[in-house]
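Following: one structure in structure tokens, then a few remarks.
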Amino acid sequence: MAKTLQLIFNTENGKSVTLTVDEPRADLTAPEVEAAMQAIIASSVFEVNDYPLESIKSARVVERDVTDLLSE
């Protein structure tokens with residue numbers, strides 16, 4: 001089962017943007033994720049259409065289970 005951590009931010013122009021991390025640690029806590037997201041915002045490294053990330057919208061772990069029916 002594949003897991004991803006989705007970090008969802010609001011930009012200064014009101015749009016949402018999602019950063020995805022593959023295979024996050026199993027023992028992540030909400031305070032750790034929030035601190036990391038605040039650090040990402042403070043770093044001003046990411047911009048979307050010239051608008052920086054402004055605030056945290058949400059974060060979630062997504063699990064995906066794939067069953068191959070046919071394969072080579």
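Quick check, is GLU32 at pLDDT 95 or above and of a type in the set (Asp, Glu)?
So GLU32 fits the description; yes.
So which residues in region 11-55 are aliphatic (A, V, I, L, M), over 29 Å from ASP65 (Cα atoms) and part of a strand (DSSP E or B), if there are any at all?
Of everything in region 11-55, those that are aliphatic (A, V, I, L, M), over 29 Å from ASP65 (Cα atoms) and part of a strand (DSSP E or B) turn out to be VAL48, LEU53.
Report yes if GLU63 is among the acidic types (Asp, Glu), on the phi < 0 side of the Ramachandran plot and either surrounded by fewer than 14 Cβ atoms within 10 Å (Cβ to Cβ) or in a loop (DSSP other than H, G, I, E, B) (or both), otherwise no.
For GLU63, the condition - among the acidic types (Asp, Glu), on the phi < 0 side of the Ramachandran plot and either surrounded by fewer than 14 Cβ atoms within 10 Å (Cβ to Cβ) or in a loop (DSSP other than H, G, I, E, B) (or both) - is met.
Can you tell me which residue in region 5-50 is farthest from VAL61 (Cα to Cα), limited to those that are loosely packed, with under 15 Cβ neighbours inside 10 Å and touching a residue at least 40 places away in the same chain (Cβ under 8 Å)?
Looking at the filtered set, the residue picked out is GLU12.
The values are calculated or read from the model by the stated rules, or taken from the named source; none is laboratory data. What you are looking at is a predicted structure, and each value in this text was computed from that prediction instead of being measured. Quick reminder, even Gly has a Cβ in these numbers, built from the backbone with ideal geometry, and neighbours come from all protein chains shown.
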